[in-house]
1. Calculate, for L102 and H41, the FRET efficiency according to 1/(1 + (r/R0)^6) with r their C-beta to C-beta distance and R0 41 Å; round to the nearest 0.05.
2. Ignoring everything except DSSP H segments at least 4 long, calculate the 222 nm mean residue ellipticity for the chain; use -39,500 (n - 2.57) per segment, divide by total residues, nearest 500.
3. Helix 44-54 versus the longest principal axis of the chain: what angle, 0 to 90°, nearest 10, using Cα atoms?
4. Given that compact globular proteins tend to follow 2.2 N^0.38 Å, what is the ratio of the alpha-carbon Rg of region 6-96 to that value?
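No value in this document is a laboratory result; all are computed from the given coordinates. As the structure is a computational prediction, the values presented were derived from the model and not from experiment. For neighbour counting, all protein chains shown are included, and Cβ atoms are generated from backbone atoms with ideal geometry for every residue, glycine included.
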Amino acid sequence: MVKTAQIAVGNGRYYGGGMAVAEDAAIDDQQLDLYSLEIQHWWQMLAVLPALRSGSHGGLPWVQTWQGKEFYVYTRRPRDINTDGEITTATPAHFRVVPKALSVLVP
């Protein structure tokens with residue numbers, strides 16, 4: 001169990017207008033990337049914010065990162081989950097990769 005200010009799970013590198021889930025995240029690697037901001041003091045956010053733009057936040061000691069095919073997120077009380085700018089569900093949540101779930105045609 002961890003105390004976290006924010007958890008982000010992504011299938012690609014960017015979310016939220018240019019924030020990076022992970023420096024090496026790729027939409028086609030069949031992996032999810034997760035980070036957890038386990039800050040203890042407000043001033044730690046000053047270091048995290050610029051690092052989130054570049055994806056280098058994984059090197060900070062109060063940021064935990066993982067990569068995997070599925071994640072379960074549990075909280076003591078239900079917490080809203082923001083999906084692409086909309087509140088769509090709440091915790092507990094199960095995130096998983098479904099390879100080749102969409103067919104995409106490009107010119």
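1. Computed FRET efficiency for L102 and H41 comes out at 0.45.
2. Computed ellipticity for the chain at 222 nm equals -3000 deg cm²/dmol.
3. That helix lies at roughly 20 degrees to the long axis.
4. Rg over 2.2 N^0.38 Å, computed on Cα atoms: 1.06.
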